[in-house]
Amino acid sequence: MKPSLTVLSNEALRENVKRSLLEGAELRTQLVEKCCDSVILAAETVYDALQRGGKVILCGNGGSAADAQHLAAEFVGRFTTDRAPLAAIALSTDTSALTAIGNDYGFEFVFSRQLLALGNPPDVVIGISTSGRSKNVLNAMETATEKGLKTIAFSGGDGGPLASMVDIPIVVPSTNTARIQECHITLEHIMCEVVECLLFSGRTTARDDNASRPNRENHLRSTASTSRWLRCVQES
């Protein structure tokens, strides 16, 4: 038996779905200008860490925790290329550590405490927070910086304090949490794709041709990085 639609008609429901899909599509087109260069720089930073024997460490809460685990799985397993596994770990997966640290020190320290134990240069830390204000993610980024680790953030809206405390902020220009999360996984997938291309395609990178590495001042502009990625795609 089909449930009766007593509140919204089929047409109203269809309009709601259509509106959400169009909103998401429009937001993705904005990402081309807003996030393209920073995603490439993030991928090159991950590439550099992996080339030097480091690992990718990810953290986030709720849906962002799921993203962190998802992306770690893409690196350790495979994404678009059948290749060697890449070292990555999500700090949201060890329930014993999470509950012990949360109980003994407080939930705001569940990621930073693990980073103190597990993170060392040349590791790179990726924090995911739709608001950019999750206290435990902020603490993790502060700890990462103190330990000399490169930091990347996926955020939304105005980026929150998270965007200003990392090496490479990637900020989705929206205040709708669901749309931000949808864009985050898209951007994270693309970043993983670029990393695979740089590591396994045999193409040159900034590190190979002695170009400068990403930093706070130039993270939004990198014509050379964009050209390398486009060349990689065209020649694949």
Over the range 62-176, relative contact order from alpha-carbon pairs under 8 Å, at least 6 apart, %: 19 percent
With a Förster distance of 25 angstrom and the Cβ-Cβ distance between S164 and E23, calculated FRET efficiency to the nearest 0.05 equals 0.40
So if I place +1 on the C-beta of Lys and Arg and -1 on the C-beta of Asp and Glu, and nothing else carries charge, what would the dipole magnitude of the range 1-104 be about its Cα centre? I want it in debye, nearest 20. 300 debye
Pick out, from T95, F79, V195, the residue whose Cα sits farthest towards the positive end of the charge dipole of the range 33-200, with +1 on the Cβ of Lys and Arg and -1 on the Cβ of Asp and Glu. T95
What spacing in nm lies between the two simple spin-label points modelled at F107 and K147, each 7 Å away from Cα in the Cβ direction? 2.3 nm
What residues of the range 67-94 lie in the reach of a label at S201, counting those whose backbone N is under 17 Å from a point 7 Å from the Cα along Cα→Cβ? 79-84
Separation in nanometres of the label points that stand 7 Å from Cα toward Cβ, at A66 and Q30: 2.3 nm
Using the charge dipole of the range 33-200 (Lys, Arg: +1 at Cβ; Asp, Glu: -1 at Cβ; taken about the Cα centre), state which of I180, A65, I152 has its Cα farthest towards the positive end. A65
Placing each pseudo-label 7 Å from Cα in the direction of the beta carbon, T175 and T80 end up separated by a distance in nanometres of 3.5 nm
Among beta bridges that DSSP assigns inside the range 104-185, antiparallel share in %, nearest 5: 0 percent
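Rule-based calculations on the coordinates, nothing more; no lab input. Because the structure is predicted, anything quoted here is derived from the model rather than measured. In this analysis, Cβ positions are derived from the backbone assuming ideal geometry, glycine residues included, and neighbour counts consider all displayed protein chains.
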